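Worksheet: the structure to be examined is printed underneath.
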Amino acid sequence: MLRQVAEGVLVHESEFVQSNAVVVHGRAGVLLIDPGVQDHEMDCLANDLSDSGQTVVAGFSTHPHWDHLLWHVRLGAPPRYGTARCAATVLDQLSDPEAKARIADHLLETEIAGQVSLDLLGLVTALPAGTARIPWDGPQVRIIEHHAHAPGHAALLIEERGVLVAGDMLSDVLIPMLDLDGTADPIDDYLTALRLLEGVAGNVDVVVPGHGSVGGADQVHARIERDRAYVLALREGRALSDPRIGLSARPGWEWVSDVHDGQLQRLAQRNERDGAPR
């Protein structure tokens, strides 16, 4: 069910890792950001929009990971935008005829196996490189592109509503997940992205992460600082206390500690290979 978080901005939270789809009301319809995840949730979202007399006039994927590239036939066929680099990455991924099969195999290991349609996966229209705002007839939505987490990742600032749609950053349940394959310096890229978000944080009343709880104005800086502390600890090889990992992790989210351990191992391998300090 859609829940209003600001004037004309609503969120639909999935059962799957608290994935957040964001709806922004415009003059002729709505902008739909990162819809997902399960088919019955897409149906619920389509029903909510239909019941309120709204149609989807534009979509946006914040980054090129499968759970942010989904779509449903009942949502119509509007342009589904992404940054130029995001769209290029998706095109490259889907040029492999086995890409969807691998995603389906991955889903077999989850509780949502057989409940996610991949038919309309990744049909993303590239915005010209450097595009500053989403082209649509509604509140101005500023694109804040960076290189953290995934190629062409974008946070979106709905300026008139004071809402920051953060993509897969600033989560209260997920740690920063670095792009350890697609960038030469994933830690510096992440810290740079956090500085970009910090630069707009003073204008934010609501932060919506790709996964996790929606936060108020008091949470924006706190989440930036928590993510920065985590990334700096990775860089400096320090132990850290983070409520998202270890014994303090929420029930059902203990697997995030495995992700943390995996990142530590991958960074150590990179440093050994490159002969660079952590």
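The values are calculated or read from the model by the stated rules, or taken from the named source; none is laboratory data. On a predicted model such as this, the values are computed, not experimentally measured, just so you know. Reconstructed Cβ throughout: ideal geometry from the backbone, glycine too, with neighbour counts over all protein chains shown. To get the accessible areas, we keep the full protein, side chains included, count just its heavy atoms, and leave off ligands, DNA and RNA. Shrake-Rupley method; radii C 1.70, N 1.55, O 1.52, S 1.80 Å.
Out of the total accessible area of the stretch 15-86 (probe 1.4 Å, heavy atoms of protein only), what percent is carbon and sulfur?
50 percent
With every protein chain present, what is the per residue accessible area of the stretch 213-267 (1.4 Å probe, Å²)?
53 Å²
I'd like the Karplus ³J(HN,Hα) series for the stretch 255-272: coefficients 6.51, -1.76, 1.60, θ = phi - 60°, whole numbers in Hz, and an x wherever there's a Gly or Pro.
Calculated HN-Hα couplings, in order: 5, 4, 5, 5, 4, 4, 4, x, 5, 4, 5, 5, 5, 4, 5, 4, 5, 5 Hz.
Could you state the per residue volume, in Å³, of the convex hull enclosing the Cα atoms of the stretch 113-201?
Numbers: hull volume 14.2 nm³, N = 89.
Spelled out: Cα convex hull of the stretch 113-201, divided by residues, is 159 Å³.
Express the carbon and sulfur contribution to the solvent-accessible surface of the stretch 102-257 as a percent, rounded to the nearest whole number, probe 1.4 angstrom. Walk me through the intermediate numbers first.
Values: 3410 of 6690 Å².
With neighbouring chains kept in place, the figure for the stretch 102-257 is 51 percent.
Please report, in whole Å, how far the alpha carbons of the stretch 12-55 spread along each principal axis, starting with the longest.
Dimensions of the stretch 12-55 along the principal axes of its Cα atoms: 32, 16, 10 Å.
By accessible area of protein heavy atoms, probe 1.4 Å, what ranking do ASP188, ASP179 get, highest first?
In descending accessible area the options line up as ASP188, ASP179.
Dipole magnitude of the stretch 190-265 about its Cα centre, charges +1 at Lys/Arg Cβ and -1 at Asp/Glu Cβ only, in debye to the nearest 20?
On the way: 8 positive and 10 negative charges, 23 e Å.
Rounded to the nearest 20 debye, it is 100 debye.
Out of GLY82, GLY59, GLY114, any idea which swings most in a Gaussian network model of the chain, alpha carbons joined below 10 Å?
Between GLY82, GLY59, GLY114, it is GLY114 that shows the largest mean-square fluctuation.
Using only the heavy atoms of the protein chains and a 1.4 Å probe, how would SER19, SER248, SER241 rank by accessible area, largest first?
The ordering from most to least exposed comes out as SER241, SER248, SER19.
Please report the antiparallel percentage of DSSP beta bridges with both residues in the chain, rounded to the nearest 5. Intermediate values should be presented prior to the final figure.
Numbers: 24 of 36 bridges.
If I count the DSSP bridges inside the chain, around 65 percent turn out antiparallel.
Rg over Rh of the stretch 181-278, using C-alpha atoms and the Kirkwood radius, what does it come to?
My calculation puts Rg/Rh at 0.99.
For the Cα atoms of the chain, what angle does the longest principal axis make with the long axis of helix 186-200, in degrees from 0 to 90, nearest 10?
Relative to the chain, helix 186-200 is tipped by roughly 50 degrees.
Using alpha carbons only, how many angstrom separate the centre of the stretch 18-45 from the centre of the stretch 143-179?
Cα centres, the stretch 18-45 to the stretch 143-179: 17 Å.
Roughly how compact is the stretch 1-95, stated as its Cα Rg over 2.2 N^0.38 Å to two decimals? Each step should come with its number before you reach the end.
Numbers: Rg = 12.9 Å, N = 95, 2.2 N^0.38 = 12.4 Å.
Compared with the compact-globule rule of thumb, the stretch 1-95 sits at 1.04.
Order the peptides 152-160, 216-224, 23-31 from the highest to the lowest mean number of other Cβ atoms within 10 Å of their residues.
Result, highest mean first: 152-160, 23-31, 216-224.
What accessible area per residue, rounded to a whole number of Å², is obtained for the stretch 102-180 using a probe radius of 1.4 Å?
Details: 3110 Å² over 79 residues.
That works out to 39 Å² per residue.
Read through the labelled values [x] 119; [y] 128; [z] 178 and report the label of the one computed as volume of the Cα convex hull per residue in Å³ from the structure.
Computed from the coordinates, volume of the Cα convex hull per residue in Å³ corresponds to [y].
Amide H neighbours of GLY210 under 5 Å, at least 5 residues apart or on other chains, H built in the peptide plane: list them.
Under 5 Å from the amide H of GLY210: ALA166, GLY167, ASP168, MET169.
Can you tell me which of ASP258, ASP34, ASP67 moves the most in a GNM of the chain? Springs connect C-alpha atoms under 10 Å apart.
In the Gaussian network model the winner is ASP258.
In terms of modelled amide H atoms, which long-range or inter-chain residues lie less than 5 Å from the amide H of ALA58?
Amide H neighbours of ALA58: VAL30, LEU32.
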